[in-house]
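Here the structure is laid out as structure tokens; the discussion comes afterwards.
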Amino acid sequence: MDLLKIGVIGTGHMGCNHVRNISDDKRFDLIGIYDVDFERASELAETYGTKAFKSMDELLSKVEAVVVAVPSSLHKEVGLKAVKQGVHALIEKPLATTSEDARILTMAFEKAGLKLQVGHIERFNAVVQSARKILEDKEIFYIEAHRYSPFSGSGRIKDVSVIEDLMIHDIDIVCDFMEPAKVVDIRGNGEVIKSCATDFATCMLNFSSNAHAVINASRVSQSKERTLEIHTSDSVIHADLLNKTLTVVKGTEMMIDSAESGVYKQDAAVQNVFVPIIEPLRAELQSFYEAVVNGKDILVDGWVALRAIQVCEKVLERATYD
């Protein structure tokens, strides 16, 4: 197995998780990490037996690939540095804070012949992947998504609204499930509750296939929820991304004999789908390795990430001014 020389830029919540997973994966050679807070980077490096670099450029000169987990507003700057050094990159979502910057980044990596993967981690959630397989031959007409989190002054992204922070996950998932249909209309509403940006938002997406989706996101709720309800012409799929459960409900007119009460009709059959247990971030990193080392397709590339950002921009516009 070829080792991939990799580094991590940014040691916040996601950066630390990347370092933990990479250091435990035999596919990777973790060359080092960089953060503007050198003391923090040094402590993390000591914990995982790697090196803290004082210069981002020095780290980029030593690696073949890099994970970019800095604040979203810095993604473009750091991503273009990686391109300049000829380094493949996995950049956390959102790819950039504007669709124009996301397009610039995507085209820069493409022109340089470098791999760019974007950290839409929920695509690697086993529940989402299992649901995607079930939906391959089904006609979807409606999806409802709920993504709620309690307010955290320190744990969440600070430089974007809940739309780019949380809702973007489900926008990406829904658009993927609906392919090849395209978004043809976007509506949105939002509220500023505890921060300086939209904290609670709802959007409705209409698709060219005459299907639609309602997506709700909050970072000021009292509890966590990550659910999808997908309606097709012959079934309803309930996906719980937190509890890792997937249920398919299908209509039936089965007649069942009962020794005690005679015959009755069962209106629906419920199937609980087995969902394998694997950490989504680990699966995401393994996919990145396969793309860089073995030339496999990128599941979430820059163009897919750009689509999600473009929808987010429209939702934010509607939520702010409607």
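What follows is calculated from the coordinates using simple rules that are stated; it is not laboratory data. Being a predicted model, the structure only gives us computed values, none of them experimental. Positions of Cβ are generated from backbone atoms using ideal geometry, with glycine treated the same way; all protein chains shown enter the neighbour counts.
Set Lys and Arg Cβ to +1 and Asp and Glu Cβ to -1, take the dipole of segment 1-91 about its Cα centre, and tell me which of Tyr48, Val78, Gly12 lies farthest positive.
Of the listed residues, the answer is Val78.
In the chain, what % of DSSP beta bridges are antiparallel (nearest 5)? Walk me through the numbers before you get to the answer.
Details: 45 of 73 bridges.
Within the chain, antiparallel bridges account for around 60 percent of the total.
Around Lys51, which amide H atoms from residues at least 5 apart in sequence, or from another chain, sit under 5 Å from its own amide H, with H modelled in the peptide plane?
Gly32, Ile33
Given a Förster distance of 45 angstrom, what is the FRET efficiency for Phe38 paired with Phe151, based on the Cβ-Cβ distance and rounded to 0.05?
Details: r = 30 Å, r/R0 = 0.68.
Efficiency, rounded to the nearest 0.05: 0.90.
Local charge sum around Lys5 (other residues, Cβ-Cβ under 15 Å, Lys/Arg +1, Asp/Glu -1)?
Values: positive: Lys26, Arg27, Lys51, Lys62, Lys115; negative: Asp2, Asp25, Asp29, Glu58, Glu64.
Net charge in that neighbourhood comes out at 0.
Using just the Cα positions, wrap segment 70-119 in a convex hull and report its mean projected area in square nanometres, one decimal place.
Working: hull surface 11.1 nm².
So the Cα hull casts an average projection of 2.8 nm².
Using 7 Å Cα-to-Cβ label points, what is the Lys84/Lys54 separation (nm, one decimal)?
The modelled label-to-label distance comes out at 2.0 nm.
Compare the peptides 6-12, 69-75 by average per-residue count of other Cβ atoms within 10 angstrom and give them in order, highest first.
Details: 6-12: 26.1, 69-75: 19.7.
Per-residue mean Cβ counts within 10 Å order the peptides as 6-12, 69-75.
For segment 107-150, report the translational diffusion coefficient in µm²/s to the nearest whole number, using Stokes-Einstein at 25 °C, 0.890 mPa s, and a Kirkwood Rh over Cα pairs. Please report the intermediate quantities before stating the final value.
On the way: Rh = 13.8 Å.
D = 178 µm²/s.
For n ≥ 4 DSSP H runs only, could you compute -39500 (n - 2.57) per run for the chain, divide by its residues and tell me the 222 nm figure to the nearest 500? If you can, show how the numbers build up before the last one.
Working: 9 runs with 105 residues, N = 322.
Theoretical 222 nm ellipticity from helices: -10000 deg cm²/dmol.
Among the helices of the chain (complete DSSP H runs), which have Cα atoms covering no less than 24 Å along the helix axis and a Kyte-Doolittle mean of at least -0.5?
Values: long enough: 302-321 (28 Å, 0.29).
Span-like helices here: 302-321.
Would you report the distance distribution of C-alpha pairs in segment 117-257 as whole percents per 10 angstrom bin, up to the bin with the largest distance?
11, 40, 33, 12, 3, 1, 0
Volume per residue, Å³, of the convex hull around the alpha-carbon atoms of segment 1-93?
Values: hull volume 7.8 nm³, N = 93.
Cα-based convex hull of segment 1-93, divided per residue, equals 84 Å³.
Once a ≥ b ≥ c are taken as the square roots of the eigenvalues of the Cα gyration tensor of segment 42-154, is the result rounded (a/c under 1.5), prolate (a/b larger than b/c) or oblate (a/b not larger than b/c)?
Details: a/c = 2.01, a/b = 1.56, b/c = 1.29.
Because a/c hits 1.5 or more and a/b exceeds b/c, segment 42-154 counts as prolate.
Over all Cα pairs of the chain, how is the pair count split among 10 Å bins, expressed in % and running from 0 up to the last occupied bin?
The distribution over the chain is 6, 24, 31, 23, 10, 3, 2, 0, given as percents.
Taking a label point 7 Å from the Cα of Glu110 along the Cα→Cβ vector, which residues of segment 295-313 have an amide N closer than 17 Å to it?
Counting backbone N atoms under 17 Å from the label point, the list is 297-311.
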